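Heads up: the structure comes next, in structure tokens.
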Amino acid sequence: MSTAPAFDDLLRRALALPGDRVLLGLAGPPGAGKTTLARALVAAARHAAGDERAAQHVPMDGFHLADVELDRLGRRGRKGAPDTFDAAGYADLLRRLRERRPGEVVYAPAFDREVEQPVAGSVPVHPATRLVVSEGNYLLLDEGAWPRARALFDEVWFVGHGGAGRVERLVRRHVEFGKDPATAAAWVAAVDEPNAALVRASAHRADLLVPGDLELPELLER
């Protein structure tokens, strides 16, 4: 493994991965900047190709179990842990994306943070899409169905290496989506940080370590 020094290096590496359909995974702890980097890579790849269909962002968070199922399982109080996701369903989606059947649009779920629920059929991946960037905490985990997902990626990068301010960003995100500051801080300490420790322990399985404070092109930060 090595550490990528700049966004342009990451983009070149992603675009140089061989194949008609490339699956790139971004793993890392909560609040590390995975989604921001995924969106920036997709935007830059589309710009380079001059085609909106050239790249697509498919978030792992679309495979959160719904709250009604978490309530049934007694797991809602630790939503975000590995067993609160449909990891097998995520692996099956990656397999369909890898197969790239002619003429078939594959629809992936998204995660609506306003209601904190997955939303099916939200993200279209067209047959012409070459680069699929998928990000999530547990892409490098070696338990359950997660290794099935890992095996379908061309590369998985670990985002958040050496980054500062992650916990503060995470608390702000929880506040932004409805928690009061004290509840947000308590949730981060009790739920998110144990998950982060688990994720960090998987970093050695990554193909590349990416800084958590990577500078992104100004127009690609959305």
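Some notes on this structure:
- Most fluctuating residue given options E135, E52, E143, as computed from a GNM of the chain linking Cα atoms under 10 Å: E143
- Inter-site label distance for A6 and R200 at 7 Å from Cα along Cβ, in nm: 3.0 nm
- Packing rank of 86-96, 66-76, 102-112, where each peptide gets the mean count of other beta carbons within 10 Å, highest leading: 86-96, 102-112, 66-76
- Check: segment 1-119 dipole with +1 on Lys, Arg Cβ and -1 on Asp, Glu Cβ, in debye: 280 debye
- Sum of -39500 (n - 2.57) over DSSP H runs of 4+, divided by residues of the chain (222 nm, nearest 500): -10000 deg cm²/dmol
- Average Cα contact separation per residue, segment 7-211, under 8 Å, 6 or more apart, as relative contact order %: 32 percent
- Estimated dipole of the chain in Debye, rounded to 20 [Cβ of Lys and Arg +1, of Asp and Glu -1, Cα centre]: 340 debye
- DSSP-defined beta bridges in the chain - what % are antiparallel, rounded to 5: 30 percent
- Residues with amide H under 5 Å from that of V22, placed H, sequence gap 5 or more: L131, V132
- The Rg/Rh ratio of the chain, with Rg taken over Cα atoms and Rh as the Kirkwood radius over Cα pairs, comes to 0.94.
- Rounded to whole numbers, the Karplus 3J(HN,Hα) couplings from phi for segment 115-128 are 10, 6, 9, x, 10, 5, x, 9, 10, x, 10, 7, x, 7 Hz, using 6.51 cos²θ - 1.76 cosθ + 1.60 with θ = phi - 60°, and x at Gly and Pro.
- Acute angle (nearest 10 degrees) that the helix 7-16 long axis makes with the longest principal axis of the chain, alpha-carbon atoms: 60 degrees
- Whole-percent P(r), segment 13-75, all Cα pairs, 10 Å bins from 0: 18, 40, 25, 12, 4.
Just so you know, all these numbers are worked out from the coordinates, no wet-lab data involved. Computed from a predicted model, the values in this text were never measured in an experiment. Please note: Cβ atoms are built from the backbone with ideal geometry, for glycine as well, and neighbour counts cover all protein chains shown.
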